[in-house]
Every structure is written in structure tokens, then in C-alpha cells.
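The values are calculated or read from the model by the stated rules, or taken from the named source; none is laboratory data. Remember, predicted model here, so these are calculated numbers, not experimental data. Note: ideal-geometry Cβ built from the backbone for every residue, glycine included; neighbour counts use all protein chains shown.
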Amino acid sequence: MTIESIPGVAEVERVGSGPLCLLVEVPHGADQRSHYDALRSRLVGPLPEDLHVFFHVNTDMGAYDWGRRVAERVAGASRSALVIRCLVPRTFIDTNRLETAGDDLAKSGLTAGVAPYVKDPRDVELLLGLHRQYVRLIEEAYARVCDGGGFALSPHTYGPRTMGIEKIDENIVPALKKAHEPAEWARWPVRPEVDLITKDPSGKQLAPAEVVEAVLAGYRALGIEAADSATYTLHPSAQGSRWAAKYPDRFLCLEVRRDLLVEAYSPFEQMRVRPEAADRFAAPVAKAIDAWLSRAATRGAAPRPS
């Protein structure tokens, strides 16, 4: 299978030259209002009013920006990186979930596969088709890079506070607006500035310890609060959990607080990422991956030309 862009599904870019050594997969890369509008216009069934509010609150704004910056820092004349940006908004279907993931995931703080308010069978069929195209693409990409001796990164961003919204359904927009009222907002716990997602629900770590330690130390040296699995674990219904289980020695997933990446945090509207902030949060991750690849080369396990 050729790993190339699929209109409306994924944008694929190769950064640098030389052997393919790094995959940066951004499953929640559809962070622009244009991404939302493009897919919304294809859906025929009724949806909640002002659903774009949920899109802006829940989208991983900045994940693509800092993830791509990691690729730029790691790649170069002797290495290349593959950056895959999903273009399917998680507002409608989450490509980082297994196809069968249900709405009971809200209990774990996660969104379902197909959003529960998408009910028209024609829309469900369309969304599942997009989901399957994306999953086939990244399955090939992970095999190409990780089986070939390289490393994989799944960059994410999350909101600054954990809101106590128990259910995502047709009333999600009013629930979000209420949760953001000043008195309510002040009640929600503040999340770490960076949180690695390396452990499964049992506490088993599914990431290379030396990379985890280096990333945590790198952030702390910059004065950035960094934690490991304080907010989420590698839930078995997440695609990321698949890759962590399959490649525990060469995969890393982490969240960066998006309010620290943008010019102004306006959760109900389109936000703009500050390039210098994206680079700052990319630097410790890139340094740790660069060191991992250098050690792999020393062991004679460098990525093969691709």
C-alpha cells in the first residue's frame, strides 16, 4: 500500500531525506473550522445546534503543530520522518478509537467512535468508511516505520481543566457552556501542563523507559510541569493503545495543554498556535527521540532505507 494523502481523510508529508526513522501520527489533527465545515456539509441527518462549539472545545488544537516540529527537529539530511495528519473531526467520529467503541467511554473521559448524536444510517456509513480508510493508512505507516527500526510519536493536546461532564449526547453544547461559566470553571481540577500517556489501566508501562525519563526531565528543565499518566491511561478502546502494546519499545503518546500553545485561549472559537510555543514543547520530545535513534544506530538497529 502506498502511504500518501487521502482527500478528506489524511494529509501525509515526508520531512527530511534519508532512511525513514520517525512516524508522527496526529489522529486528532482536524483542528481547523474548515475541517469541521467540510465534513459537516456531507452529513444529511439532524445534529445538535451549534455543534461547532463542541468541535472547538474538544479538538486537539496545536497537536499537529508541535508534532510536526518534532519531525523537523529529528529529520534532516540523514533521516526522514513521516507526518500523518488526520482530517476527520473527532466531533463526528474518532479515528483514535476502535470502530466498535461505544458511548460508555465517557466514564473514562474519552469520546466514542461514532458520536452518539449521529443517528442517520447514511451518515454512520460515511463516517465508518472514512474511519476505515484512515486506519488502513496508519496500519501501513506503523508497520513501515516501526517494523523497519524506527520510532513513532502520537502527539495530542487537551484542555486546561478536567470538566465533570458525564455524558456526551445531544445536550453536549449546553453542558459545555454551563461548565465554562466562571463559577463552574473554577471548580474543575487543573491538568498538568504536559502529561505522557504510557500506562495501561493496570499500571503497566508501554513506552521505552529511557525516552519517558528523558522527556520528563527535559520538560522539567524548562520549568514545565510534566506528569506521566496522571489524566489518562492507554485505554484498550483507543487505537493508540494498539500501537503502544505492539511497539512498547518505540512508541510514545503525550498531551500538551493547549492553552499554553495558543495566542489566546478561546475554547468556543478557532484558536491560533504560537510557533515559538510549538517549538518549545517539541524540543524535549525531539531530543529524546533523537537519542533513541542514535542508540539504535549504535546497536546496529538503525532504520533501513525506505
Does at least one position in region 173-189 carry a residue that is more than 22 Å from residue 91 (Cα to Cα), touching a Leu at 6+ places or on another chain (Cβ under 6 Å) and surrounded by 15 or more Cβ atoms within 10 Å (Cβ to Cβ)?
-> no
Which listed residue, of 220, 187, 191, 250, is in contact (Cβ under 8 Å) with a residue 60 or more places away in the chain and out of contact with any helix residue (DSSP H, G or I) (no Cβ under 8 Å at 6 or more places or on another chain) = 191
Give region 210-225 a look and list any residue that's of a type in the set (A, V, I, L, M, F, W, C), farther than 21 Å from residue 295 by Cβ and surrounded by fewer than 18 Cβ atoms within 10 Å (Cβ to Cβ), or say none.
-> 222
Out of the residues in region 264-279 that are in a loop (DSSP other than H, G, I, E, B) and not hydrophobic (A, V, I, L, M, F, W, C), state the one that is surrounded by the most Cβ atoms within 10 Å (Cβ to Cβ).
-> 267
Any residue in region 140-166 that's under 30 Å from residue 21 (Cα atoms) and in a loop (DSSP other than H, G, I, E, B): show its pairings with residues that are at pLDDT 95 or above and among the basic types (Lys, Arg) at Cβ separation under 8 Å, as long as the two are six or more apart or on different chains.
-> 150/250
Looking at region 1-101, what helices (runs of 4 or more DSSP H) fall wholly within it and have at least 1 residues that are within 30 Å of residue 288 (Cβ to Cβ) and basic (Lys, Arg)?
-> 63-74
Of the residues in region 219-238, those that are part of a strand (DSSP E or B) and of a type in the set (A, V, I, L, M) come to 226, 227, 238
Does residue 193 qualify as being surrounded by fewer than 16 Cβ atoms within 10 Å (Cβ to Cβ), farther than 17 Å from residue 152 by Cβ and acidic (Asp, Glu)?
-> no
Filtered residues of region 48-82 (kept if more than 16 Å from residue 22 (Cα to Cα), of a type outside the set (Asp, Glu) and out of contact with any Ser or Thr (no Cβ under 9 Å at 6 or more places or on another chain)) = 48, 53, 57
From the set of residues in region 91-143 that are more than 18 Å from residue 59 (Cα to Cα) and of a type in the set (Val, Ile, Thr), which is modelled with the lowest pLDDT?
-> 100
Among the numbered criteria (1) closer than 16 Å to residue 240 by Cα; (2) at pLDDT 95 or above, which single criterion is violated by residue 186?
-> (1)
Since residue 198 meets every condition but one in (1) surrounded by fewer than 15 Cβ atoms within 10 Å (Cβ to Cβ); (2) of a type in the set (Ser, Thr, Tyr); (3) within 24 Å of residue 151 (Cα to Cα), which condition does it not meet?
-> (1)
Determine whether region 173-192 contains at least one residue that is among the basic types (Lys, Arg) and under 19 Å from the mean Cα position of the chain (by Cα).
-> yes
